[in-house]
């Protein structure tokens with residue numbers, strides 16, 4: 001079987017897995033070693049729509065989402081805690097007529113946490129990825145709180161989490177899965193891997 005057919009078969013399996021198990025296109029792509037674009041195209045071939053699938057949470061996961069919402073967490077917080085798409089959380093709220101806590105009530109708390117992470121020495125890029133905020137927003141929030149960003153602090157760098165993610169990739173994990181496990185930005189991992197490849201090729 002040619003490489004192209006192997007890739008198409010893997011993309012199709014990823015689309016089928018996504019429909020069966022839920023999650024994100026990016027997670028399915030990482031699991032089967034193909035690009036998110038390939039999974040999206042396979043989804044279109046299989047199901048005839050270009051719309052990104054809204055994956056419904058089922059069973060115990062749906063109940064877990066409901067319990068967290070009822071405990072006072074926001075959609076974003078539940079999405080972050082369970083590592084699932086926000087649409088899955090929203091869908092459960094709509095089906096069960098739940099009113100999640102407004103994001104505005106906790107947004108400043110998230111900014112405080114993100115700024116504290118940077119102040120403790122974490123890479124700004126990784127913090128942005130973890131808290132789903134832009135570099136510009138984080139820089140402004142740091143300034144508002146009187147926290148001085150170290151020179152180069154918003155650049156990708158090899159901190160402990162990135163280092164562990166790189167080690168996972170070298171052991172055979174996908175970049176997506178490794179970064180999810182270590183909670184770091186893929187850009188930092190790719191920068192390290194690409195840098196090593198250039199040195200080997202030099």
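The values are calculated or read from the model by the stated rules, or taken from the named source; none is laboratory data. All values reported here derive from a predicted model rather than from experimental measurement. Using ideal geometry, Cβ is built from the backbone for each residue, glycine included, and neighbour counts are taken over all protein chains shown.
Structural remarks
- Of all residues in the stretch 83-109, those satisfying the criterion of being touching a helix residue (DSSP H, G or I) at 6+ places or on another chain (Cβ under 7 Å), part of a helix (DSSP H, G or I) and at pLDDT 80 or above are 89, 90, 92, 93.
- Any chance residue 177 is at pLDDT 80 or above and more than 24 Å from residue 33 (Cα to Cα): no
- Filter result for residue 127 (more than 16 Å from residue 188 (Cα to Cα) and not assigned by TED's automatic domain parsing to the domain that holds residue 185): no
- Condition check for residue 164: assigned to a helix (DSSP H, G or I) and modelled with pLDDT of 75 or more: yes
- Whichever residue in the stretch 24-65 is at pLDDT below 70 and surrounded by fewer than 17 Cβ atoms within 10 Å (Cβ to Cβ) and, among such residues, is farthest from residue 83 (Cα to Cα): 48
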